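Coordinate-derived values only; no laboratory data. Fair warning: this is a prediction, and the values are worked out from it, not measured in the lab. Backbone-built Cβ (ideal geometry, glycine too); neighbour counts: all protein chains shown.
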Amino acid sequence: MNKSNFETMTALVVDDEPMMRVLLKGLLQEIGFGKIMEAEDGAAALALLDDSHHIDIVICDLEMPIIGGLEFVGMLRKSDTLYDSRVPVIIVTGHSEQSNIQEAVRLGIHGFLVKPFSRTNLQNQIVRALDRPAIDLKKLAPKKRDFTEVEVLDFNQKK
Amino acid sequence: MSTDPKSTMADVFEGRVLVVEDEEVNRLVARGIMMPLGIDPEFATNGAEAIEKTDAGDYDLILMDVQMPGMSGVEAAIQIRERERAEGRNRIPIAALTANATEGDRVRCMEAGMDGFMAKPLMRSVLIDTFTRWLGAQGTTSEQTGAVPPAQAGSILDGESLVALKASMGGGVASLRLVLESFQESLVRLPADISNAGQSGDVEAMVRAAHSLKSNSAVAGALDLSALCARLETKMRAGDTAMASSLILEIEKEVGRVKLALTTELDSIPK
């Protein structure tokens, strides 16, 4: 996927820290996104997604006050009123609490980026996210556990 | 963090490397050493993340910290090997990162299917040996691979981290300037937030401001400031307020030094 593939696409950056938004916005511009929107927390992001903006991908920080990354993904996936509740989400994290990323995966994310990350790292995640369904929970689960009763959302249906 | 002046351009490698390491500052240092060697690493912070990253991506080499909270590096290596076998994937070399490994640790790592050891903290010469062994393709010039020349080590703003930041932005000077200007702004805002929180006794606000300043400093290569903020954040989260005021003083002093270094850095970036 080269630069021109992203020209018609819109990315949404969700981060409470202005400096991280500046960094992500700069990287997304260089990757070639035609339009980049910003939100400073999960609530603002949900409002933008609810406002019939067409958003192709969301890059979201995990740790934010009030509505954080996990709550955001949970509310997004459950919503039946949002323009596109299945929009691909990439989570940005700098932490090692094991439960966090597994919880995010359970809720339905398409990839995650650990700080520090480069433009190439971000672009690889985006290409992969646009190209495949959400991370399969079964692949992350320890062996021998029974997941037959867990609902795995199928984001293949998106387009 | 000094750089050996004798080997500037010769050691350049190609390949996708995953580094599994829970400490952000260690990840920054690893990136700072690797980018001049032509390697733009991806990171995971624990075993579960490493397994997901390995399932989703094609790596040529994994450097795995052995002691991590949650799933250990040994357990992660066992699961990665199981998945490779089950799915018929290529076997990715895994090198263990350990501080003071005992003979027992070595045996456990080997039994888990790991291929080698590297001592922590990471050293450039050891990384070169590791990359030579598992990545090959050595001896190309930096123009061909996009590797960046090694940095002049600086004490306030870590030279290697800054060079890595520049390279990681893909050479976009305008974006780099915006990021550093935003950092400059946060060097005014966040220490004031910390100091106000200290005066009003608002622990939660202090944790938040310290956390933000820690992350921002790490991005810009102000590693000492980042480490001081991490200490404050950890102590405040644990409810340990005894040392807070002296830590805050240290942070304020370091902020002053970083501001000066940052002004110099910004002056050197074309507008």
Per the charge dipole of region B:165-210 (beta-carbon charges, Lys/Arg positive, Asp/Glu negative, Cα centre), the residue among B:ALA210, B:GLY170, B:ALA197 reaching farthest to the positive end is B:GLY170
Kirkwood radius from Cα pairs of chain B plugged into Stokes-Einstein at 10 °C, 1.306 mPa s, gives D in µm²/s equal to 79 µm²/s
Between the modelled labels at A:HIS54 and B:THR234 (7 Å from Cα along Cα→Cβ) the distance in nm is 4.9 nm
Partner shielding of A:21-34, taken as the mean number of other chain Cβ atoms within 10 Å, equals 4
Residues A:LEU48, B:LEU190 in order from fewest to most other beta-carbon atoms within 10 Å are A:LEU48, B:LEU190
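Show me the ranking of peptides B:250-261, B:157-168 by mean Cβ neighbours inside 10 Å, starting with the highest.
Working: B:250-261: 16.6, B:157-168: 23.6.
Result, highest mean Cβ count within 10 Å first: B:157-168, B:250-261.
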Check: C-alpha center region B:64-118 vs C-alpha center region B:221-271, spacing in Å is 35 Å
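Only Lys, Arg, Asp and Glu count, each charged at its Cβ (+1, +1, -1, -1), so figure out the dipole size of chain B about its Cα centre, rounded to 20 debye.
Charge dipole, chain B, about its Cα centre: 300 debye, nearest 20.
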Measuring from the longest principal axis of the C-alpha atoms of chain B, the long axis of helix B:24-34 (C-alpha) lies at a number of degrees, nearest 10, equal to 60 degrees
Inter-chain shielding metric for B:44-53, i.e. average beta-carbon neighbours from other chains within 10 angstrom, reads 6
Here, B:ALA119 and A:GLU103, labelled 7 Å along Cα→Cβ, have an inter-label distance in nm of 4.0 nm
Percent relative contact order for chain B, counting Cα pairs under 8 Å at least six residues apart, stands at 19 percent
Rounded to the nearest whole number, the Stokes-Einstein translational diffusion coefficient of region B:17-148 at 20 °C and 1.002 mPa s (Kirkwood radius, C-alpha pairs) in µm²/s is 143 µm²/s
Put in order of increasing Cβ neighbours within 10 Å, starting from the fewest, B:ASP22, A:ASP131 give A:ASP131, B:ASP22
Per-residue average of other protein chain Cβ atoms inside 10 Å, peptide A:52-63 -> 0
GNM of chain B, Cα pairs under 10 angstrom: of B:GLU87, B:GLU204, B:GLU185, the biggest fluctuation goes to B:GLU87
So, with points 7 Å from each Cα along the Cβ direction, the B:VAL126-B:ALA227 label distance in nm works out to 1.7 nm
